[in-house]
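The values are calculated or read from the model by the stated rules, or taken from the named source; none is laboratory data. None of these values were measured; they are calculated from a predicted model. Note: ideal-geometry Cβ built from the backbone for every residue, glycine included; neighbour counts use all protein chains shown. These area figures cover heavy atoms from the full protein model, side chains too; ligands, DNA and RNA do not enter into them. Shrake-Rupley method; radii C 1.70, N 1.55, O 1.52, S 1.80 Å.
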Amino acid sequence: MWAPYHVCLKFSFNLGISVKMKKEVFEETIVSGEQMLEKLSVRKKVEGLDRGLDEYRRLDEDEKNVLIPFAMSHHATSRDAAALLRAYSADLDRGVCRESLCIDFIQMAQRTYWLEKCTRMKSDMEALGTVPMAEHGYALTKDPDVETTVDLYRAIEGNLMEIADLIGEVGEKLSKAPLTLYAGYYHHLRAQYDEEQAVKDFRYWQLQSGVPSLVKLKMLRAEKIADFINSGILDLALGSCRTESDDVDVEQFRKQLPHDYACVNNFDILCPIFCRTVSKQGDILVPDYECAGLFIFQHWVELTEKQLHAIFYLDEMLKQIHEEIQNLPEAVSPLVSLPDVLATPEAMRLWRKAQKAGYVDEQFQPLISKPLSAVLAAEMARRLDIRDRWKPFELLWNRKNMFKDYYEAQQQKQYSESAKMMKELFD
């Protein structure tokens, strides 16, 4: 990073160069500085260059002894930034993304943006340009064509023009990139984080909870998801609308949490946002890594290390829970996609009763007539307090206008008996 400069202080560039250093060791320092910079990110390199150019413009007039070291530093940094951006662009062509840039692509893709930052450097280097750099006590052995400070400025300007073009190129590619790019980005980051703590926590839970059951595992999952929602990470995400919120039964989710669990004030708003990142296959929540990767990519600068660990911790915890669910004898087949309101612990209890009575099969499809299955659905919806009682069953059973089937059942002589039978079944 570029630190604020004051002439009376020892100033260190992002290349590790001190203003007070001896000129004869300057070249050696640049080499070691380049090796250090290879470990920095593309984003940090571009941002460091950007801030460094601003620092140059703020130098006092009596600080002429640092003009050439500053310019040489900018030359090395801009050259490395251009090289890293070329590699970043080539990676995008291969469908690979290892880092979020989080820079202003529109502004930094303009050549004038960089040239305006260099107006003073240009005039300074031209004023010093009649004397070879060697006579100033400096030389760039890696760039033999840079004989004077004018040559040095031209090299910097050329690097900056390439950087502007590359930033525009990268921004264009990212704007058209498929979401699979961000899934790969997520897994690249995920591999760098040790989430052994999630495994340890799950093993401890197993020791404390006794014989595992679907209800217990769903309670644990709900609590871990609620912890994640409460952390505030999702406050960075795009807010939800009423339509999105209506599709998520937050109250049913709350019922899976411990009685004394305290949720944040905007929990009901954040819950639907979290649901964007997963899909449901039976009792299994399938993470949407494309969505999660894009979220991290867009908010990389705002996310803390602790928050990144929380994201990957939840991922690993869900993996552990779902593996255990799939090993349960009563686990729902992952091939079955149940609507959320029909996959709660209470709903699963009702489903098992209906399966045992022979009213639905293992895939939760009705084995009885349409009118009678509508009566079954109505009783389940009443007990589960489902507001739109037909919608989830129509989705699950691929039916339409189930209210007509229910009306038909009401017209039948045995309706009262059928309704009583369903009520007794679920008691």
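Scanning region 295-310 for residues that are in a helix (DSSP H, G or I) and open to solvent by less than 20 Å² (accessible area, probe 1.4 Å) turns up 296, 308.
Have a look at 177, 164 and point out the one that is of a type outside the set (Asp, Glu) and in a loop (DSSP other than H, G, I, E, B).
177
Is it fair to say residue 252 is of a type in the set (S, T, N, Q), part of a loop (DSSP other than H, G, I, E, B), touching a residue at least 40 places away in the same chain (Cβ under 8 Å) and under 25 Å from residue 209 (Cα atoms)? Answer is no for this residue. Hey, could you check region 261-294 for residues that are buried (at least 16 other Cβ atoms within 10 Å of the Cβ) and of a type in the set (Gly, Ala, Ser) and say which is modelled with the lowest pLDDT? Going through the qualifying residues, I end up with 282.
When the criteria are applied in full, residue 424 fails the requirement of being among the acidic types (Asp, Glu), within 43 Å of the chain's Cα centre (by Cα) and surrounded by fewer than 19 Cβ atoms within 10 Å (Cβ to Cβ). Within region 388-409, being surrounded by fewer than 19 Cβ atoms within 10 Å (Cβ to Cβ) and modelled with pLDDT of 85 or more holds for 388, 391, 394, 395, 397, 398, 399, 400, 401, 403, 404, 408.
This table checks each residue for (1) within 30 Å of residue 236 (Cα to Cα); (2) in contact with a strand residue (DSSP E or B) (Cβ under 8 Å, 6 or more places away or on another chain); (3) of a type in the set (Lys, Arg).
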{"residue": "289", "(1), (2), (3)": "yes, no, no"}
{"residue": "294", "(1), (2), (3)": "yes, no, no"}
{"residue": "311", "(1), (2), (3)": "yes, no, no"}
{"residue": "315", "(1), (2), (3)": "yes, yes, no"}
{"residue": "337", "(1), (2), (3)": "yes, yes, no"}
{"residue": "344", "(1), (2), (3)": "yes, no, no"}
{"residue": "349", "(1), (2), (3)": "no, no, yes"}
{"residue": "361", "(1), (2), (3)": "no, no, no"}
{"residue": "367", "(1), (2), (3)": "no, yes, no"}
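Tell me whether region 338-348 contains one or more residues that are without any contact (Cβ under 8 Å) to a residue 12 or more places away in the chain and either of a type in the set (A, V, I, L, M) or surrounded by fewer than 17 Cβ atoms within 10 Å (Cβ to Cβ) (or both). No, there is no match, as no residue in region 338-348 is without any contact (Cβ under 8 Å) to a residue 12 or more places away in the chain and either of a type in the set (A, V, I, L, M) or surrounded by fewer than 17 Cβ atoms within 10 Å (Cβ to Cβ) (or both). Assess whether residue 217 counts as being in a loop (DSSP other than H, G, I, E, B) and open to solvent by less than 30 Å² (accessible area, probe 1.4 Å). Judged against the criteria, residue 217 is not a match. Taking only pairs six or more apart or across chains, which ones have beta-carbon atoms under 7 Å, a first residue in region 106-122 that is closer than 12 Å to residue 161 by Cα and of a type in the set (Lys, Arg), and a second residue that is part of a helix (DSSP H, G or I) and open to solvent by less than 60 Å² (accessible area, probe 1.4 Å)? Qualifying pairs under 7 Å: 111/161; 111/164. Apart from one condition, residue 359 fits all of (1) crowded, with 18+ Cβ neighbours inside 10 Å; (2) more than 30 Å from residue 221 (Cβ to Cβ); the exception is (2). Within region 362-387, restricting attention to residues that are assigned to a loop (DSSP other than H, G, I, E, B) and more than 17 Å from residue 408 (Cα to Cα), the residue that is least open to solvent (accessible area, probe 1.4 Å) is 364. Of all residues in region 386-407, those that are on the phi > 0 side of the Ramachandran plot have Cβ atoms under 9 Å from Cβ atoms of residues that are at pLDDT 85 or above and buried (at least 19 other Cβ atoms within 10 Å of the Cβ), 6 or more apart or on another chain, in 401/390.
Filtering region 410-421 to residues that are assigned to a helix (DSSP H, G or I) and either β-branched (Val, Ile, Thr) or open to solvent by 100 Å² or more (accessible area, probe 1.4 Å) (or both) leaves 411, 417, 420. Scan region 187-204 and tell me whether some residue there is open to solvent by less than 50 Å² (accessible area, probe 1.4 Å) and not in a helix (DSSP H, G or I). Yes: region 187-204 contains one or more residues that are open to solvent by less than 50 Å² (accessible area, probe 1.4 Å) and not in a helix (DSSP H, G or I). Within region 37-66, if we keep just the residues that are modelled with pLDDT under 90 and in a helix (DSSP H, G or I), the residue that is farthest from residue 124 (Cα to Cα) turns out to be 37.
Scanning region 100-129 for residues that are hydroxyl-bearing (Ser, Thr, Tyr) and either part of a helix (DSSP H, G or I) or open to solvent by 80 Å² or more (accessible area, probe 1.4 Å) (or both) yields 112, 113, 119, 123. Exactly one residue out of 178, 144, 212 is under 30 Å from residue 297 (Cα atoms) and open to solvent by 30 Å² or more (accessible area, probe 1.4 Å), and it is 178.
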